[in-house]
Amino acid sequence: MRYTPHTPSDKAEMLREIGLSEVEQLFDHLPAALRDKAQIALPPGLSETAVKRRMAALAAKNGTAEDWSLFLGGGIYHHAIPSAVDAVISRSEFATSYTPYQPEVSQGTLQAMFEFQTLICQLTGMEVANAGLYDGASAAAEAVLMARRLQEGKHRVFVSRALHPQYRQVIATYVKNLVDVELVEVPFTGRGGIDPEFLARQVDERAMCVVLGYPNFFGVIEDLAPIRALCDRSGALLATVTTEPLSLALLKPPGESGADIAVGEGQSLGVPMALGGPGFGFFACQKRFVRSMPGRLAGQTVDSEERRGFVLTLATREQHIRREKATSNICTSQTLCVLASTVFMAMLGKSGMRRMAEVNARRAHRARERLVKEAGLAPVFSGPFFNEFVLKAKGLSRLQERFAAKKIVPGIPLAEFYPELQDCLLICVTEMNEEEEIEQLARTFGEG
Amino acid sequence: MFESGSPGRTGFFWPEEAGPTGLPQELLRDEIPGFPELGELEVLRHFTRLSHLNFGIESQFYPLGSCTMKYNPKVNEAVARLPGFSLIHPLAPPALLQGAFELLFGLETALAEIAGMDAVTLQPAAGAQGELAGLMLVRAYLSEKGNPRRKIIVPDTAHGTNPASSTLCGYDVVQIRSNDQGMVAPSAVAKVMDESVAALMLTNPNTLGIFEKNINAIADVVHSKGGLVYLDGANMNALMGIAKPGHMGVDVLHINLHKTCSTPHGGGGPGAGPVGVKNLLRDYLPVPRIMKSGNGYELREDFSKAIGRVRSFFGNFGVLVRAYAYIISLGSDGLAETSRMALLNANYIRRKLESVFQIAYPERCMHECVFTDRLQQKRHVSTLDIAKRLLDYGFHPPTIYFPLVVSGALMIEPTETESRETLDAFIDAMTSIAREAEENPDLLKTAPHSTPVRRLDEARAARKPVLRWEPKRD
């Protein structure tokens, strides 16, 4: 067999050492009723060549960003990834290592985690960040759970309807069985942002936290100042959720606008789309909350010879120590994806991140202008945006074939998530969408 | 990386594009303070240097109990990087994702077959999220029957995630003790099992590496009071082609693909924790579900009883691609051989070391075995010292101090991908360490000696947490 190195003589000798003669004797203490029915009805194994052929055939049935013009964002983004990123994460010392519970032989992973935490703090403008969570959606849910720990006696969670719909679903799933949490959906305005008047009416001392996208699902950059003021008045915590963290290289970071918790999805920073996973969730907050945080943390310390080193720290929050009293059940930090994004941020650095973010904003704004002026699409929201925006195209569903024929996916139809937004498309433009593609997008809309 | 570099340097080139960004100035930040300014080669040197400070499976043997650190095949890595898998968008029209859906459907079917379950969801991003999703299924099912109940029974040998997931699902945890054979006795379950208990969470083989041979009788006790049985499938690597959880009275389980199905651990993720269920829980599975329709596949969300969504999009697809490649590579015979050789390797180590270290329980082991430091304690040498000394020999230590019921536990899981020669070298190292414990205990207490850093001050890290780099202040 391919991955088991045992020769017949290895097996015979090892069995003899154990005092057995047949491999089957290793499990003859299991009930026969179980053993008799254990045969796995799957096809026989394949050669590596056959595996590659089969997988390539499946892959060929998918429409990729190489063959299609995708104007798709909505939480997962197609960005340029320097080749250095895959080169680093392909190294077996990173890819095949375990969680760094033995710090003496895991300094590579631990230092990278520490560097990642630093980069996320710098990018979000927050004081502390953990080493990663599953994804942006569960990070948003964990933000609510942390607010619950910090805000005993308060039970109302205000979630913006302009937050990513799947994130709202995941939050709802996570808190469904917690009797002391009540979710309140906050409507959006014509600006495409959270309704501050609704909040002003509803947010009082019972409010545990306010959760909103920054930028939100419509690509709109929320105005955080009035929300912060409301939170100050009521004692609610402000949690921002960023699905496109590249935007934070250009926009005022959540920390500067007074966010208490800033979470999001990190895929856009150096991780390929891969049908939406694996990426990673990031989780940052004010320092005073650190002992209530979920997830792993790398911390700096010294070894017995006073040399700088890194360890997993504050583990008394975690499930393997605290069991049912843990801050979370999570015991993964998507570390390899976190490493990819650490390399990505190191490669682009201060000026490269800014440059990439500017190219996104510039191209997206130009595309929107063009689609409105030349193709006659109608603006839907008035708020400022980064690299995605919502436009209305009459008879949208009838246009599908026309776009498919040109191998264009013009955006995400919003009616499925928001019945009130019929014929509306969430259009994303990144540095991967060339001018000619945008021109063709506009032309194809204009043909109608 | 924050201590080198030079202002203005970057490893990324993109031609400057003219024109305004379109964003009002008041929304923009200044430059990101402290962000790196490095060139491409500097970045690569930095991370290559860091990689040299790590152990990994391709450089060292990693006998971590209950973690299944087997070889991560290269072909899986190659196929996961095909643009047809890596450059596809989850919100593209289903017509552009048919190959992905076919793969996911095929993986669900294969995992259901391996575990003897009726249906599988691939959404959970890790084992712990699978536990949470599985318990939510239990809760939804019982709620539908009129009462979600209040408690979950968890044996004292369980992974810490079991009680943590139970709490997150709104349940109280009732811990039961395993018996002197290291197993859960049906009578122990019967004593606490009543109509207030929603489920029992059991790991099989358990974390002592012992098969819970009374599992069907235990399941009968739980079922007789209307509860369900959850199987923590972390140790599925012991069971493929040997016994199916679906025949053990299990109603719901999760499988860790990063363990059993060879996907890389990545230094702490990404993993994947698919959940398998019997038909009684099928309608509650997370949405969307992938269904066959005509000659293709479609996504369906119209299940009124579904627990909702536990993760965005489709779970850790890239991990699922690798797991599928692994399963079709091995096929039915290869999977069965995998578990058989995992058992052979574990039993071999156990036999060869049982005269040197005290075995925790005399029962036969499956894919892992647990020793204690009792013999070495006489010389005041602890499990931690043994583990640290192993690093000097170039081996990753076993899982230590777990399960909690064993004082000074050393939990060894060799996996099937290790050759007899590697096992012998490890056995020699452990034997030599046991001798050192007798002759020169200080050597162990001050170990490791040859690693990039020596023992680290964890107490200091926790007392005064330094969790990010900051420039030195004068």
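Just so it is clear, none of the values below were taken in a lab; they were calculated from the coordinates. Source: prediction; values computed, not measured. Note that we place each Cβ from the backbone using ideal geometry, even for glycine, and neighbour counts take in every protein chain shown.
Structure data summary
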item: Of A:I171, A:I40, A:I81, the one that fluctuates the most in a GNM where chain A has Cα springs shorter than 10 Å; result: A:I40
item: Beta bridge orientation in the protein assembly as shown: antiparallel %, DSSP, nearest 5; result: 55
item: Qualifying GluC sites (Glu not before Pro) for region A:326-432 [loop in DSSP, other Cβ within 10 Å: at most 16]; result: A:E374, A:E416, A:E420
item: Orphan Cys of chain B, criterion: no other Cys C-beta under 4.7 Å; result: B:C67, B:C169, B:C261
item: Selected from A:R317, A:R201, A:R402 as most flexible by GNM, with chain A as the system and alpha-carbon contacts under 10 Å; result: A:R201
item: Semi-axes of the equivalent ellipsoid for region A:18-132, Cα gyration tensor, largest first, Å; result: 41, 29, 16
item: Inter-label distance, nm, simple model (7 Å from Cα along the C-beta direction), B:H380/A:H155; result: 5.6
item: Between region B:260-274 and region A:407-448, the Cα center-to-center distance that results, in Å; result: 36
item: Karplus 3J(HN,Hα) series, Hz, for region B:244-259 with 6.51 cos²θ - 1.76 cosθ + 1.60 (x for Gly, Pro); result: 9, x, x, 9, 9, x, 7, 9, 8, 8, 10, 10, 8, 5, 6, 9
item: Efficiency of FRET between A:E306 and B:N179 - r from beta-carbon atoms, R0 35 angstrom, step 0.05; result: 0.15
item: Local net charge near A:D135, Cβ-Cβ under 13 Å (Lys/Arg +1, Asp/Glu -1); result: 0
item: Counting all C-alpha pairs of region B:216-279, share separated by more than 14 Å (%); result: 61
item: Kirkwood hydrodynamic radius of chain A, Cα pairs, Å; result: 24.4
item: As computed over region B:394-474, the Cα convex hull volume per residue (Å³); result: 192
item: Cα-Cα over 32 Å, subset of B:K213/B:K278; A:K37/B:K225; A:K52/A:K176; A:K52/A:K406; result: A:K52/A:K176
item: In region B:82-124, chymotrypsin sites (Phe, Trp or Tyr not before Pro) in a DSSP loop with at most 14 other beta-carbon atoms within 10 Å; result: none
item: Which listed pairs, of B:K259/B:K292; B:K244/B:K352; A:K287/B:K388; B:K74/B:K259, have C-alpha distances above 25 Å, in listed order; result: B:K259/B:K292; B:K244/B:K352; A:K287/B:K388
item: Coordinate range along principal axes, alpha carbons of region A:112-208, Å, largest first; result: 44, 34, 25
item: Overall Cα dimensions of region A:51-102 - principal axes, largest extent first, Å; result: 45, 31, 20
item: Descending Cα extents along the principal axes, region A:83-343, whole Å; result: 58, 40, 31
item: Environment charge at A:G75 (Cβ cut-off 11 Å; Lys +1, Arg +1, Asp -1, Glu -1); result: -4
item: Within chain A, percent of DSSP bridges classed antiparallel, to nearest 5; result: 55
item: B:D424/A:I321 FRET efficiency (R0 45 Å; Cβ-Cβ; nearest 0.05); result: 0.80
item: Theoretical FRET efficiency, 1/(1+(r/R0)^6), r = Cβ-Cβ of A:E447 and A:E127, R0 56 Å, to 0.05; result: 0.60
item: Cα pair distances in the protein assembly as shown, grouped into 20 Å bins until the bin that holds the longest one, percent each; result: 15, 48, 32, 5, 0
item: Kirkwood Rh and Cα Rg combined as Rg over Rh, evaluated for region B:143-286; result: 0.95
item: Alpha-carbon gyration tensor eigenvalues x 5, square-rooted, for region B:84-204, Å; result: 35, 17, 13
item: Per residue, the convex hull volume that the Cα atoms of region A:233-353 enclose (Å³); result: 161
item: q = 0.13, 0.17, 0.18, 0.19 Å⁻¹, region A:260-304: log10 I(q)/I(0) [Debye, one scatterer per Cα]; result: -0.45, -0.66, -0.71, -0.75
item: Quotient of Cα Rg and 2.2 N^0.38 Å for region B:335-459, N being how many residues it contains; result: 1.05
item: Antiparallel %, DSSP beta bridges [both residues in region B:74-329], to 5; result: 40
